[in-house]
Amino acid sequence: MKKTIPSEFQAAAANQGAIGKRANGQITWRGLLLGGLLCVVIALGVPYTTMVLQATPMGVSSSSPAAFCLLFFVLTLGHGGLALLKRRWGLQWGELVTITIMMMVAAAIPTRGVTGMLLPMISGTFYYASAENNWAREIHPHLADWMMMGEPVAVRGFYEGSEGTTLIPWASWLAPLLYWLVFYAAFYLTLVSIGVIMRRRWVEHERLAFPIAQVPLAMIEDGGGKGIIKPFFRSRVMWCGFAVPFIVGNVNALANYFPSVVRLVLSTKIEIIDQGISLTVAVNFLMLGFAFLISSTLSLSLWFFYLLFEVQDYFLGVVGLGGREAVLGPWSTAVTGHQMTGALAVLVCSGIWMGREHIKGVWNKALGQDPEVDDSDEIMPYRWAILGLLGGSALMVLWLWQSGIPILGAAFLVGIALIIFLGLTRGVIEAGIPIISPGIVPAGFLVSAVGVPALGTRGMIATAHTLIWAGELMVFMMAPLANGLRLTSEATGHRRRLLLAIAAAMLITLVVSTCYMLYLSYSYGGVNLHRQFFGESFPTYPSNFAQQKLANPSGASMSGWIWTVGGGLGMMVLMGARQRFAWWPFHPLGFAMAPGWTMAPIWFSIFLAWLIKVSILKFGGARLYYKARPFFLGLLGGQFATAGIWLVVDSFTGKVGNIIPMVY
């Protein structure tokens, strides 16, 4: 019997990645203005709810929960209200895209994105210096003064609250903040340039899924109609999915107010081997929703390779190979961290190789040698993008060199950081992982690769302070930029205004969130706010890391290089098998993403989504899958909206610690 591809799959294959231009996709000044105002809301709201209320952390992941929460209320209240008053007052599709992109960019800056790391880490070494840790003699003389804030009165006020007549001592903060603004300008210019260069390759050539971007696209889709209520909000299936996290979130939030309410616990730990392998089994609605939108091969690979790495870690520990390399900084593990870095390097390099024709066209267009290459669909010309990539990365290297890192070490660090950012971004835009981190931070990999003696005392201390911008990486700018550029693909008219929108969102949020974080710290005292941001945690990480390595100045680690090469070779084998064998069940991206420590709380939700999707496709086919899709989009919308509702309630009641988990 002749086998044919079901018509539903044929239609999906034909439409996947097919980007069309919309008649109402104009980029307007009204959209830019509203986007700027909502950036201010994020810059003020995320620090307040995180630091003061210590409630649901809306700046904790690269899935932009703050942005999508606000978008939900903009569509239900703002757009709907304006359209009811007068139909033409409603927001157009292009305006909604502009607003969404600006909010996504803004959400990657407060708290974990920039300000929550930057301000404590450039001052914490002075506040927490003591006779016991001897930082005043071992660390402080080797610091670049211009990038730190060490004025004693200002530091004490930042952590304990201001006692003087001037609330914020701007004279002490202004100089280091301006130097860091230069660095972040170069950093963000580099990331935007990479995004512009790769957008067409990712969106139109590879046709990646962009699961996170599917959420705002579904929410703002008008379906060709002119109704006030968007089709997303008219779907009964969506509201059924919405109800699940809405009910669970409301019950657990009420339990924080009324102890008699029984909490719904959706996570537990199971011991597979006593004191050996411990697994977190948790239902996370965000990951469940996103994982349903990706291929079943990829979701299978994510949870399978996570479990495989857990088994590997156990056996390496048994034979005594798991901890041979010295500490490589916070958020880092020696073996799996190097394996993941090797896999990410192969992933990125293979992506560049596979897209070499596109990149060659971009380069030729930038040099004016190929006028047939069209860059009118991009938010900046390819010439600007190439100059931005080269100039931005060069300025980053020079800035780090001036901070104390040897010039070659600074170049290597920037290179490995960009590889990690690109690789993790691929995991976000293809696998839809809302929270992801590298197995080893760039600073740790640099120390392992070249050794402490090659960096010197000053270089080691400066390297440790790169944890500010390339440390935890639960939130990093490149992921929302890539998802935002996916949204731009259907916009029309004045598309270059979106570059202004992105730059404005970055600047507005950086300035407003920095000022507000300083205001909160000097008003309440940082130690009275969030303990992780102001206690002996983030503020002490750079000095602790540097001191540990200087006390035991190890050279270049041969075992680290072996594990890195091993991870790269494993990635190459998996990529070759996927290309050569049609029956091969595993996706190499799962191998590259699985070692990250953030996989622990979300692997089971990925497994659950895989099981549900495979069952639906087996018993109901593509038709049932497309009918079920709004349910899982509703899971995402319900999680974002419920968190936002309770943040508003908590702000009025003053309730502290009412958390609806976003990712764990």
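The values are calculated or read from the model by the stated rules, or taken from the named source; none is laboratory data. Treat the numbers as computed from the prediction; the structure is a model and nothing was measured. All Cβ positions, even for glycine, are placed from backbone atoms using ideal geometry, and neighbour counts span all protein chains on display. Heads up: the accessible areas ignore ligands, DNA and RNA and are worked out on the full protein's heavy atoms, side chains in. Shrake-Rupley method; radii C 1.70, N 1.55, O 1.52, S 1.80 Å.
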Please calculate the 1.4 Å probe accessible area of Val265, with all protein chains present, and give it to the nearest 10 Å².
100
Please give the FRET efficiency for Arg156 paired with Val656, using the beta carbon to beta carbon distance and R0 = 22 Å, rounded to the nearest 0.05.
0.35
Length gained, Arg236-Glu536, 0.36 nm per residue minus C-alpha separation, equals 103.2 nm
Could you check how much of the accessible area of segment 358-501 is carbon and sulfur, as a whole percent, using a 1.4 Å probe?
64
Given a Förster radius of 22 Å and the C-beta distance between Leu316 and Asp274 as r, what FRET efficiency does 1/(1 + (r/R0)^6) yield to the nearest 0.05?
0.80
Taking 0.36 nm per intervening residue step and subtracting the Cα-Cα distance, what contour gain separates Arg496 from Trp170 on full extension?
113.8 nm
Using helices alone, what [θ] at 222 nm do you get for the chain, with -39,500 (n - 2.57) per DSSP H run of 4 or more residues, divided over all residues and rounded to the nearest 500?
-20500 deg cm²/dmol
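Hydropathy first: keep DSSP H helices in the chain averaging at least 0.0 on Kyte-Doolittle, then drop any whose Cα extent along the axis falls short of 20 Å, and list what survives.
Helices meeting the span and hydropathy rule in the chain are 29-47, 93-107, 170-200, 236-257, 296-319, 334-354, 382-403, 407-431, 497-524, 558-580, 603-619, 621-653.
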If I model a spin label as a point 7 Å beyond the Cα along the Cα-Cβ vector, how far apart are those points for Ala503 and Arg30 in nm?
2.5
Alpha-carbon centroids, segment 175-201 and segment 122-167: separation in whole Å
28
Principal axis lengths of segment 193-274 from Cα atoms, whole Å, largest first?
52, 47, 24
Pairs of Cα atoms under 8 Å, at least six residues apart: use those to get the relative contact order of the chain, whole percent.
33
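Rounded to a whole number, what % of the accessible area of segment 106-163 do carbon and sulfur atoms account for, probe 1.4 Å?
Roughly 47 percent of what the probe reaches on segment 106-163 is carbon or sulfur.
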Per residue, in Å², the accessible surface of the chain once ligands and nucleic acids are set aside, probe 1.4 Å
40
Would you mind computing, in nm to one decimal, how far apart the modelled labels at Leu307 and Ile228 are, each placed 7 Å from Cα along Cα→Cβ?
5.1
Along Cα→Cβ, 7 Å out, is where each label goes; now give me the distance between the ones at Tyr626 and Val648 in nm to one decimal.
3.5
Put Trp170, Trp331 in order of accessible area, largest first, probe 1.4 Å, and you get Trp170, Trp331
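Round to the nearest 0.05 the FRET efficiency obtained for Thr297 and Ser615 when R0 = 22 Å and r is the Cβ-Cβ distance. Walk me through the numbers before you get to the answer.
On the way: r = 15 Å, r/R0 = 0.70.
Efficiency for this residue pair is about 0.90.
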Quantify, in whole percent, the carbon and sulfur part of the accessible surface of segment 184-337 (1.4 Å probe; protein heavy atoms only).
63
Taking Rh as the Kirkwood radius computed over C-alpha pairs, what is the Stokes-Einstein D of the chain at 4 °C in a medium of viscosity 1.567 mPa s, expressed in µm² per second?
50
